[in-house]
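Notes to accompany the following structure.
Read the figures in this text as sums done on the coordinates, not as results from a lab. Please read these numbers as outputs of a predicted model, since none were measured by experiment. Every residue, glycine as well, gets a Cβ built from its backbone with ideal geometry; the counts of neighbours run over all protein chains shown.
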Amino acid sequence: MFQRQTERIKRGKAQARRGDDAEPQFQPDSLVAGASVVAAIVEAENSLEIEVHDNKDELKTKLKEILREKSDVFNSKKS
């Protein structure tokens, strides 16, 4: 969980450095509606990709912990 929060913070800082969250100074009215819909779609896709990545990392961590526990149990019975 801590690792997941750390990754989100790192991504947020990287986006801020790149200016991903900055909006243009001027947008014609005809482009605003279409651009906002596209931006919402892109943001949703990015959010899903981030969530999938975070879930994958979390599952890997849980799997490693379980394998470590099973290994410890196996090694303790072996001795």
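What's log10 of I(q)/I(0) for segment 33-79 at q = 0.23, 0.33 Å⁻¹, Debye sum over Cα points only, no solvent?
Reported log10 I(q)/I(0), two decimals: -0.79, -1.00.
Using r as the Cβ-Cβ distance of residue 13 and residue 59, and R0 as 30 Å, what FRET efficiency do you calculate, to the nearest 0.05?
0.75
Gain in length, residue 36 to residue 69, computed as 0.36 nm per residue apart minus the alpha-carbon separation, to one decimal in nm?
The span from residue 36 to residue 69 would gain 7.0 nm if fully extended.
Residue-wise, which Karplus ³J(HN,Hα) couplings in Hz belong to segment 7-12, taking 6.51 cos²θ - 1.76 cosθ + 1.60, θ = phi - 60°, and x for glycine or proline?
4, 4, 5, 4, 5, x
In a shell of Cβ-Cβ distance under 9 Å around residue 4, excluding residue 4 itself, what net charge do Lys and Arg (+1) and Asp and Glu (-1) give?
Result for the neighbourhood of residue 4: -3.
Cross-link partners among lysines for residue 70, C-alpha distance below 26 Å, same-chain residues fewer than 8 apart left out?
Once the sequence-local lysines are set aside, what remains near residue 70 is 56, 60, 62, 78.
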